C-alpha cells in the first residue's frame, strides 16, 4: 500500500484507540491543545517556528479514504460503527499559531488547535511530526545564517536527511531561515526554491583526464558550470581551470565557479583564489562544502576565507547537535474547563494562552509574556488566527514573505541570542493570571 | 505536485547535470560504485546494515513519469534531446550487498552498484538517502536490544521522527534490529509489524474522574487495555486500577497493562508493582516510556526495575547521539579500470571489493578482511548478489527472516562490540592485493 503525505493513516495507533473510547462514551466536546517546547536544547539560544503551512495543508485535507478504512478494518481491532464514524472525520476546528519564521522560547505555545475532541486529539501525531521537524531545522539553519549573514548558503543534505520527506522539508525550513537555495531537485520544484548543482568526484574520476572532465562539463552547462577541483590535487585543479577558461571563452562559455570539498577549506580557498586571480579569473566564485555547520562557518568568516558560497548538508538537515526538541501537544481546555497535566517533571501551564513580545526603542526584542488568552498586555501578540471552522483565514503566505519575516526576526534578536555560544537566557515572564489559575487547578485536584 | 517515494525526481540537481554531461559526451561505460562508512560515530562499536529492500524497490521502479519530465523541462535547464533520453532511463544493472541486519565496520562496502554510468550515477542520492537512514536507526536500535535483550521494546517515535518517511523507515529498521513492534500505525500496515497503542495524558485529562477514564477505555478496548496512570499521581493511579479490576472482571474484561511515562521509572515501577501485586493483579504488566535510550535501559535492567516493556521513541528514531554516518557512495571502477579518489582526508580504497568475516570456534566474530573482489579468503563472504540486469536475484526476504539474521549477528558480536561503552575496535584488515593496487594507482597519477 502506498501512503501519501496527507494520509489519515499517518498517526499513532493510540490516537485511534482513544478516538474509539471517546466514540463509545459519546465524548466530543470542544478541546484546545497547545504545541510548545519545554526547554531549549543545550546548543540553542532561541528556536524558529516553521512547518505551519504543512500543518494547515494536512488539516484541510484530512479524511480517511475507503482503502484506508478497509486496511483498518482488516486489523480486526476496530468495530464497524466506529470505523463508519471515521468516514466522516474532517478537521472543522480553529488554529491559532505563530507565523512561520517567528523566533520563540520555551513554554510559549506556537500552535493551538481548538476543535471537537476527536478531531483535535486525532491530528496530534502528524501535526507534531510536521511542525517539530521543520522547527528543528529552521532553528539550526538560522544559526548558520547568523554565522554567515552575507554569504550564499545552499542546502546540500538530501543524501543523509532522514528519508525523502525530511529532505524536502529541511530544504524548505532552511530556506525559511535564510538559506539561498537547495541542491534537492524536488524541493526546488515543489516549493519554488532556487536549485543549485555542481558535480561529484565520481564525474571527475570517470575521465582519465581531469581537464577534459571540466571542459566537457562546461560545454554541457555553458551558463552554469561550477567545477569540483579537489578530486586529486586542489591547486593543480585550479590551474587547469585557468588554462581552460580562455579556450571556453572563445566559444562564449564562462566558468561560473569552482567547488572545494575537502582539506583545510580556508587555506585551500586562499591558494585557489590567488591562482584564479593571477589567471584573470577574479569573477569565478569559490563554493565550499564538506561537513560544515555554524561553528565552521563562523571560523571561516572570522578568518576572512575568500569563499563566496557554502553548501551545508548533513549537520544542518539532521540538526546533528540537537536533532529533536522536547516538544509537547497538550490538552489545556476541555468542555469549557482549563486542564493541567501534573506528571512528575512534566507539569504544563493550563488554559488557552497568549504570547506578547516587547520590543525596545532600537527594535530589539526586550522580553515576552505568556498570559491567559483573555488577558491583554503591551507588545505584539505572537499567536494569530490562521484557521477558523476548518477553513484558512487567508491564502498560504508566499515563501518569500515568510523569509522576510524570519530575516526581520533574526535582526531583532538581542546580542545574547544572536551569538552561537550560550549566553543569558531571553526573559520570558508568566502572568499572574496564569499562575493563579494553575494554583487554583492544583488545589481543586487536592492530594 | 505530489511526490511518490519512488519518484525519479527524488535526487540532487547535480545528478542530472552530470548525466547531461555524460549524455553530451556519449559516456556510458560500465561503472561500479560502492557505499561504505568512513568511520564509526564516537558512540558506536559497530553498525548494522538496513534499508536494502527499499533500495531494491527504488531501483526496480525507477523511471521518469511524463509529468515529471515536463516539470524538468519547465526549469529551462535541460535541452530536449537530453530530457528525451531520460524517458528511457531504467535501472538495468547489478547490485551486490550485505544482507539487512548484518553487522559491519568502517571501510567495508555494504552495497555495490554496477551499471552503465548514467544509471549508476543517477541513483546515488536516493540510494544513500534510504540505506543511510535505515542503517543509522538499526545501528542505534541494536544497542537498545543489547541493553535489554529479554524485554519487549516498542518504537514510539512518529511525532519527533524527521517527517513521515523517517517514521515509517525507523519503525522498520528498529524492528529489523530486534524491537517487537511500533506505535506507528501505517508502519504496521505497510510492513506487517505488530502495532501497539495505549492512551495519552490528554485522554485522562478530558475526564474529570481518572477512574472513569480508565473504565471507559477498558470497556472500549476489552482485550487490549493499557492504562496510563501517571497523569496526576502515579500511586493513586495504580490504586484506581486495582479498584477497577474486579468491576471489569465481572464483565469479562481484563486489564492488560499500565504505562508509566514520567519521574523515576524504576522507583515508580517498584511501587506500582507492589500495589498491583497486593491487589491481586500480578498478571498486569508494566510498560514504561519517556525519553528512553540504551543507557537508561541498561540502568533500569541493572537495577532490576520490574518493567516488562519499554516504549522507545525520539532518541532511537533520530539516533540522537549520532544522527548521521559519514558514509559515501564512491566510484571504484569505470570502463574496466579501478578508480580512486584522493581528496585530502577523504582518500578511498579503489576497485570492486569483497568482505570476508572470520568466526571463532565459539561462533564469535573474530575479524574481517577487505579484499579485491577477485581475491579469495577464508571466512564468510558478506556481499551477495541481490540484483542482476535490473532484476532481483530472489524474492524480497520476509522481515521475520531479516530479524532472525540480525539477532544471530548480535549474538555473534565479540564482548568489546557488545558493550555500550567504547572498547577496542573490531579487527578489520585490508588485503595486500588491495593495498598494492591503491599504491599503483597513486603512482600512475604522479604528482
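The values are calculated or read from the model by the stated rules, or taken from the named source; none is laboratory data. Small disclaimer: the values here were computed from a predicted structure and weren't measured. Note that we place each Cβ from the backbone using ideal geometry, even for glycine, and neighbour counts take in every protein chain shown.
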* Structure fact -> The residue that is nearest to the other protein chains (Cβ to nearest Cβ), considering only those in the stretch B:337-377 that are without any contact (Cβ under 8 Å) to a residue 24 or more places away in the chain and assigned to a strand (DSSP E or B), is B:337
* To do: Kindly indicate whether residue B:69 is under 25 Å from residue A:5 (Cα atoms) and in contact (Cβ under 8 Å) with a residue 24 or more places away in the chain.
  => no
* Hey, does the stretch B:177-189 have a residue that's part of a helix (DSSP H, G or I), more than 11 Å from chain A (Cβ to nearest Cβ), in contact with a helix residue (DSSP H, G or I) (Cβ under 9 Å, 6 or more places away or on another chain) and over 29 Å from residue A:339 (Cα atoms)? -> yes
* Asked: Just for the stretch A:274-295: of the residues that are assigned to a helix (DSSP H, G or I) and over 24 Å from the mean Cα position of the chain (by Cα), which one is surrounded by the most Cβ atoms within 10 Å (Cβ to Cβ)?
  -> A:276
* Report, by residue number, each residue of the stretch A:90-106 that is within 21 Å of residue A:319 (Cα to Cα) and touching a strand residue (DSSP E or B) at 6+ places or on another chain (Cβ under 6 Å). => A:103, A:104, A:105, A:106
* Return the total of residues in the stretch B:297-333 being within 24 Å of residue B:182 (Cβ to Cβ) and within 14 Å of another protein chain (Cβ to nearest Cβ). => 15
* Would you confirm whether any residue within the stretch B:194-213 is more than 8 Å from chain A (Cβ to nearest Cβ), under 26 Å from residue B:146 (Cα atoms) and either assigned to a helix (DSSP H, G or I) or under 31 Å from the mean Cα position of the chain (by Cα) (or both)? => yes
* Number of positions in the stretch A:393-429 that are surrounded by fewer than 16 Cβ atoms within 10 Å (Cβ to Cβ), in contact (Cβ under 8 Å) with a residue 60 or more places away in the chain and touching a strand residue (DSSP E or B) at 6+ places or on another chain (Cβ under 6 Å) -> 2
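Take residue B:171 and tell me if it is touching a strand residue (DSSP E or B) at 6+ places or on another chain (Cβ under 7 Å) and buried (at least 24 other Cβ atoms within 10 Å of the Cβ).
yes
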* Do you know which residues across the stretch B:10-30 are within 26 Å of residue B:100 (Cβ to Cβ) and within 7 Å of another protein chain (Cβ to nearest Cβ)? -> B:10, B:11, B:12
* If you scan the stretch A:36-95, which residues turn out to be assigned to a loop (DSSP other than H, G, I, E, B), farther than 16 Å from residue A:133 by Cβ and within 13 Å of chain B (Cβ to nearest Cβ)? -> A:38, A:39, A:42, A:43, A:64, A:65, A:75, A:76, A:77, A:78, A:79
* residue B:60 versus (1) within 13 Å of the chain's Cα centre (by Cα); (2) more than 21 Å from residue B:370 (Cα to Cα): which is the lone unmet condition? -> (1)
* **Check on residue A:390, farther than 23 Å from residue A:140 by Cα and surrounded by fewer than 14 Cβ atoms within 10 Å (Cβ to Cβ)** => no
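To keep it simple, each residue is scored yes or no on (1) at pLDDT below 95; (2) surrounded by fewer than 24 Cβ atoms within 10 Å (Cβ to Cβ); (3) closer than 23 Å to residue B:298 by Cβ.
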{"residue": "B:97", "(1), (2), (3)": "no, no, no"}
{"residue": "B:104", "(1), (2), (3)": "no, no, no"}
{"residue": "B:107", "(1), (2), (3)": "no, yes, no"}
{"residue": "B:119", "(1), (2), (3)": "no, yes, no"}
{"residue": "B:134", "(1), (2), (3)": "no, no, no"}
{"residue": "B:137", "(1), (2), (3)": "no, no, yes"}
{"residue": "B:142", "(1), (2), (3)": "no, no, yes"}
* Structure fact -> Flagged in the stretch B:136-160 as within 11 Å of chain A (Cβ to nearest Cβ) and under 30 Å from residue B:416 (Cα atoms), in numbering order, are B:136, B:137, B:154, B:155, B:156, B:157
